[in-house]
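Take a look at the structure set out below.
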Amino acid sequence: MTTFNRSTLRRLQQLRQTLSVWEGDRRAVAPDSAVAIETNAGGRGDCILWVDGTEGIVRAMDLVPTEVGPQAVVRTLLRAMEHPHSATSPARPKRIVVRDREIQFFLRGVLQDLNIAVDYEPSLPLIDEIFRALQEQNSNRPPQLPTNYTESLNQVALQIWEDAPWEVLDEEKILSVELNYGDTTTLHISILGMLGREFGILLYRSLESLKKFRERVLAVGDSPESLEQAFLEQDCFFVTFDPISHLLDEEDFEIGETMEIEVQPDFGNLHPLEGMRPALYDDEAAIMLLALTSLHRFFQQKLPALADNPFQLLQGSYRLPDPEDAKKKISTKVSTMPDLAMELFEMASDPILAEDDLELESIAPILRDDLVPKDVFFSLGSLSWDILQFLRVSVRTHQVADTEFPTTADGFPVILIQTSRPKAIALIEGLQAAGGLQAICFNPGEDPFANVQYDLGILQTKNGDLHLFGEFMEGDPIHVQARKKWDQRCKKTKGYCGLVIAKGLKGVNRGNPDLKDMLALFEVRSLSAKELGLGLLELVPQFD
């Protein structure tokens, strides 16, 4: 069992211990619930809550992904003790009460040196009351979409998801939609998703807002606070696509299984004075319906041409039913904006910014994270030997193992990295530019500030560089099982394994790509942490 390191334990033992009884619980919440809004987090997950039952105050609350293990409960408890939400002093409770046996046993082991009793109660009145109040608050909030627009807007949004314009258009390739409807004349469209991160569409009400946002993002760099402020000052509608079915990156996969990823469109409004509003009113919903329907028609007609050629001037005109009166027709026009795309590209290619990037790249870190794309699907798994033989002759890029190896394992151990086609090609080219792939390794890592341990997935290229491809929570049962299978298979193959790079990040192929989606196969050695010789890698903060 993971325990506190000695320095953390001494720090917690020095906290004043009170006679208060704290309640703690972990409950599933929906992304649009009042709990999710209260914790300032999006996406489905679990809410972890620690309250002082004696004082009647909330000390800490977090929203975490459902798949995260019980360590998250401990992290929130640490914040409740050392940095409580409420205007109260840091403290250590004498007694804790939970309603989950598994959490009770886990906490007993972790807290055994802190003189904290951990007891079980079938109900927690104070936490029940807090969730009940948040639920009542949620029931009084307006719906995300007006009832008469819910079906039509969700339908056209899912049609655009199937169109997948982000496979062709990046954020700089702007489209215009002329509506001349209500108070709106033209919307300027930016497509999100080519980088394989968040998929969605931003519909700017003014070209000025679009340009201003791009300028501010380039100016503030990676500062989270400045980026959030720039985000909230946009003037646009938006629709994003959030997965309903979550696939764990650590899940062991087998080629040939069928998985289907469903998405839920989320609509909203951004304005500098209003901030983000996750709801649309009738007039806004009507404008969104006309704009998205026009875009879907345009994508059906013009997207193939945009995929085969540079961003050229293309237009499409459409006659659509008036959302408020089906007997009337509204004329709309969708156009590409190649001149604006070039302007935005040149803005991002500022020579001063490029010089700064070169200076940063000259300081090569021991473990690089600039080769493997961010937020892609990656997994530990295996290929059947028949499929391995087929891939050797069918993929575009194949790096052959330097010697033959046994085939007695139940499959060939591989790391799958799946992303969009442009990013997959860029990753393959990056590996080739480094001389090819040398080895795949796992090495222990630690974030000493959060007291979190990781199993780091590393790609070693032939030029000697080390590249991070994944961070796995140490002790997570799913990853532990996947690593166990990985090690067993590598032992039977005399240390040989593979890296598969595939395209296709949505729909039925996510996590289980078809053979036609697989673009590269690298057959290499698997190195142990001892062979790699790095020791424990610690997260080191970067200062300007």
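What follows draws every value from the coordinates through simple rules; no lab data is involved. Treat the numbers as computed from the prediction; the structure is a model and nothing was measured. Cβ atoms come from the backbone with ideal geometry, glycine included; neighbour counts cover every protein chain shown.
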- First measure r as the distance between the Cβ atoms of Trp385 and Asp339, then evaluate 1/(1 + (r/R0)^6) with R0 = 60 Å and state the FRET efficiency to the nearest 0.05. 0.65
- Order these peptides, 413-420, 199-206, 265-272, 13-20, by their mean beta-carbon neighbour count within 10 angstrom, highest first. 413-420, 199-206, 265-272, 13-20
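Which of Lys374/Lys462; Lys173/Lys374; Lys212/Lys327; Lys374/Lys494; Lys462/Lys492 have a Cα-Cα distance over 28 Å?
Check vs 28 Å cut-off fails for Lys212/Lys327; Lys374/Lys494.
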- Task: Could you compute the FRET efficiency for Ala28 and Arg392, with r as their C-beta to C-beta distance and R0 at 51 Å, rounded to 0.05?
- Result: 0.70
- Rg ratio (alpha-carbon, reference 2.2 N^0.38 Å) - region 366-538: 0.98
- Note on the structure: Once both label points are put 7 Å beyond Cα along the C-beta direction, the Val400-Ala133 separation in nm becomes 7.0
- Find how much the distance from Leu532 to Gln17 grows on full extension, using 0.36 nm per residue of separation minus their present alpha carbon separation; answer in nm with one decimal. 181.0 nm
- Where in region 174-206 is the amide nitrogen less than 20 Å from a point lying 7 Å along the Cα-to-Cβ axis of Asp325? 179-185
- Cβ-defined net charge surrounding Glu523, 13 Å radius [Lys, Arg +1; Asp, Glu -1]: +1
- Tell me, what ³J(HN,Hα) does each residue in region 161-175 have, in order and in whole Hz, if you take phi through Karplus 6.51 cos²θ - 1.76 cosθ + 1.60 with θ = phi - 60° and put x for Gly and Pro? 4, 5, 5, 6, x, 5, 6, 10, 10, 9, 5, 7, 8, 8, 10
- Task: Can you tell me the FRET efficiency between Thr8 and Ala219 if r is taken as the Cβ-Cβ distance and R0 is 51 Å, rounded to the nearest 0.05?
- Result: 0.85
- Task: Would you mind estimating how fast region 455-502 diffuses translationally, via Stokes-Einstein at 10 °C and 1.306 mPa s with the Kirkwood radius over Cα pairs, in µm²/s?
- Result: 129
